Amino acid sequence: MVSPADVRLLLEGGRDLEARDVRELLYYDPDTGLLTWKWRDRKWFCSDWGWPRWNTRYAGKPAFVCGRRYKRGGILGRLYKASRIIWLYMTGSWPEGEIDHKNHICSDDRYDNLRGVSHQENSRNQRLPSDNHSGVCGVRRCKNGKFRAEIRVDDKSITLGRYDTLVGAKKARKTAERLYGFSESHGVAL
C-alpha cells in the first residue's frame with residue numbers, strides 16, 4: 001500500500017493522509033472515542049532500526065493527547081485534531097467544514113458526539129462564554145438595570161430589545177435562537 005517514497009511524501013506534506021492509511025495506522029473505538037496506535041508494518045519506516053523501536057514504544061497506546069481543549073496528535077510528521085482523523089476514519093473522507101462536538105466537550109470524541117458542520121453552524125452550538133455575567137448567551141445587564149437581548153446571525157448583530165427582567169430577555173433570546181436554527185444546547189454552561 002504505502003512505499004517508503006510515499007512515507008517521505010507524507011512527511012514532507014506532499015500527499016494528504018487517506019482513510020486507508022489512517023485505518024492501517026490506528027484503531028478507533030466509537031463507543032469510547034479513543035484512538036490507539038496499531039502495530040506498524042516495516043513499509044512505514046525508512047530504516048530497519050526505527051521499525052521495532054517505534055512498535056515497542058507506541059503500539060497499543062493512546063495516539064492523541066489533550067491539548068488546551070481538543071485532543072491532538074501527530075501522524076507521520078503532521079499534527080491533526082483527533083476529531084478530524086476520526087471523521088476520516090469513519091466516513092472515508094475529510095470533513096468539508098468543521099467538526100462540532102454536540103455536547104460541547106471537545107475531548108469527547110465518540111463518533112455519535114461528532115457532526116460535520118460549516119463554521120456558521122458550529123457557531124450556533126457554542127457553550128456559554130466564561131465572561132458572561134447574566135447566565136444567558138446574548139443577554140447583558142444595562143447600566144439602567146434593564147436587560148438587553150441580542151443575537152448574532154450571518155455576522156450581523158440583531159437587537160431583540162430591552163427587558164425589565166432577565167426572564168423576559170432570556171425568553172426573547174431563546175425564541176430568536178429557535179427562529180434562526182441554533183442548537184438546543186447553545187449557550188449551555190459547562
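Odds and ends about this structure:
- Any hit, the stretch 140-150, residues being touching an Asp or Glu at 6+ places or on another chain (Cβ under 6 Å), over 27 Å from Arg68 (Cα atoms) and exposed (fewer than 11 other Cβ atoms within 10 Å of the Cβ): no
- The residues of the stretch 84-99 that are modelled with pLDDT under 95, touching a Leu at 6+ places or on another chain (Cβ under 7 Å) and not β-branched (Val, Ile, Thr) amount to a single one, Trp94.
- Checked against the criterion of being open to solvent by less than 30 Å² (accessible area, probe 1.4 Å) and either within 18 Å of His101 (Cβ to Cβ) or at pLDDT 85 or above (or both), the stretch 6-20 has at least one qualifying residue.
- The condition of being more than 25 Å from the chain's Cα centre (by Cα) and in a loop (DSSP other than H, G, I, E, B) holds for only one of Ser134, Ser130, that being Ser134.
- Unmet criterion (only one of (1) of a type in the set (Asp, Glu); (2) surrounded by 18 or more Cβ atoms within 10 Å (Cβ to Cβ); (3) at pLDDT 90 or above) for Glu177: (3)
- Matching residues, the stretch 35-78, being of a type in the set (A, V, I, L, M, F, W, C), out of contact with any Gly (no Cβ under 7 Å at 6 or more places or on another chain) and either surrounded by fewer than 17 Cβ atoms within 10 Å (Cβ to Cβ) or outside any strand (DSSP E or B) (or both): Trp39, Trp44, Phe45, Cys46, Trp49, Trp51, Trp54, Ala59, Cys66, Leu76
The values are calculated or read from the model by the stated rules, or taken from the named source; none is laboratory data. Computed from a predicted structure; not experimentally measured. Quick reminder, even Gly has a Cβ in these numbers, built from the backbone with ideal geometry, and neighbours come from all protein chains shown. Calculation scope for accessible area: heavy atoms of the full protein, side chains included, ligands and nucleic acids excluded. Shrake-Rupley method; radii C 1.70, N 1.55, O 1.52, S 1.80 Å.
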